[in-house]
Amino acid sequence: MAAGFTRVALTGAVLAAVLTAGAIAVANDGGSTPAGVKLSVADPYIPLPAGGDGMAAGYLTVRNTGSDADTLIRVTSPGAGSVTMHRSTDTTMQEVDSLPVPAGGTLQLARGGTHLMIMGWQKPPTVGDRLEIDLTFAKGGTIAVQVPVKPLTYRPGS
């Protein structure tokens, strides 16, 4: 009986080790992300669109705790027709092709400044919904973020 138990336990341990190694390889995207790029996303939200056209802005913060800079080069969503990056000034809003994420710094997408424009929702958004936004970086790969729809007057930290 002890030999049978030992064989089963050993087989289980080997299987667990193989699965763990596979999960780490998937999490690291096969090792393609440079060691100097360490990205994370914080405080994402979409204020409920005020108009009937469904056009909405999206806000979030990308943190890079790595030693290498990166660039946000593409934003998509399976739940929207298009997501574009924009930079606002006092008088204009301009679409941009990319946004820098400095080494050891942040890319802040916030009201009155750099932000996302989301158009062509598959279904009209309501407060509490979540929209998947896929952020693609030049070096850091793609990060999928579940972004909650908040009331139009929502302000982070309030």
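Condition check: modelled with pLDDT under 95 and either surrounded by fewer than 14 Cβ atoms within 10 Å (Cβ to Cβ) or in the same structural domain as ILE133 (by TED's automatic domain parsing) (or both). Does THR114 satisfy that? Before the answer, list the steps.
Details: modelled with pLDDT under 95: no; either surrounded by fewer than 14 Cβ atoms within 10 Å (Cβ to Cβ) or in the same structural domain as ILE133 (by TED's automatic domain parsing) (or both): yes.
The answer is no for THR114.
Please work out which one of (1) touching a residue at least 40 places away in the same chain (Cβ under 8 Å); (2) surrounded by fewer than 12 Cβ atoms within 10 Å (Cβ to Cβ); (3) over 22 Å from GLY157 (Cβ atoms) is the condition ALA50 fails and give its number.
Of everything listed in (1) touching a residue at least 40 places away in the same chain (Cβ under 8 Å); (2) surrounded by fewer than 12 Cβ atoms within 10 Å (Cβ to Cβ); (3) over 22 Å from GLY157 (Cβ atoms), ALA50 misses just condition (3).
Out of GLY157, GLY141, report the one residue that is small (Gly, Ala, Ser) and not assigned by TED's automatic domain parsing to the domain that holds LEU48.
Of GLY157, GLY141, the one residue that is small (Gly, Ala, Ser) and not assigned by TED's automatic domain parsing to the domain that holds LEU48 is GLY157.
Of the numbered conditions (1) in contact with a Lys or Arg (Cβ under 9 Å, 6 or more places away or on another chain); (2) modelled with pLDDT under 95; (3) surrounded by 15 or more Cβ atoms within 10 Å (Cβ to Cβ), PRO125 satisfies every one except a single condition; which is it?
In the conditions (1) in contact with a Lys or Arg (Cβ under 9 Å, 6 or more places away or on another chain); (2) modelled with pLDDT under 95; (3) surrounded by 15 or more Cβ atoms within 10 Å (Cβ to Cβ), PRO125 misses (1) alone.
If the requirement is being in contact with a strand residue (DSSP E or B) (Cβ under 9 Å, 6 or more places away or on another chain), polar (S, T, N, Q) and within 17 Å of ARG155 (Cα to Cα), which of these qualifies: THR106, THR114, THR136? Steps first, answer last, please.
Numbers: THR106 fails: within 17 Å of ARG155 (Cα to Cα); THR136 fails: within 17 Å of ARG155 (Cα to Cα).
After ruling out the rest, the residue left standing is THR114.
Given the options VAL83, VAL101, name the one that is crowded, with 17+ Cβ neighbours inside 10 Å, among the β-branched types (Val, Ile, Thr), modelled with pLDDT of 90 or more and closer than 18 Å to GLN146 by Cα. Steps first, please.
Details: VAL101 fails: closer than 18 Å to GLN146 by Cα.
Going through VAL83, VAL101 in turn, just one is crowded, with 17+ Cβ neighbours inside 10 Å, among the β-branched types (Val, Ile, Thr), modelled with pLDDT of 90 or more and closer than 18 Å to GLN146 by Cα: VAL83.
Report the residue count in the stretch 134-144 for those that are in contact with a Pro (Cβ under 7 Å, 6 or more places away or on another chain) and aliphatic (A, V, I, L, M).
From the stretch 134-144, those in contact with a Pro (Cβ under 7 Å, 6 or more places away or on another chain) are 139; that's our starting set.
From what is left, the residues that are aliphatic (A, V, I, L, M) are none.
The qualifying residues number 0.
So SER88 ticks every box in (1) among the small types (Gly, Ala, Ser); (2) at pLDDT below 95; (3) closer than 17 Å to TYR45 by Cα but one. Which box is left unticked?
Of everything listed in (1) among the small types (Gly, Ala, Ser); (2) at pLDDT below 95; (3) closer than 17 Å to TYR45 by Cα, SER88 misses just condition (3).
The values are calculated or read from the model by the stated rules, or taken from the named source; none is laboratory data. A quick note: this is a predicted structure, and the numbers were derived from the prediction, not measured. Every residue, glycine as well, gets a Cβ built from its backbone with ideal geometry; the counts of neighbours run over all protein chains shown.
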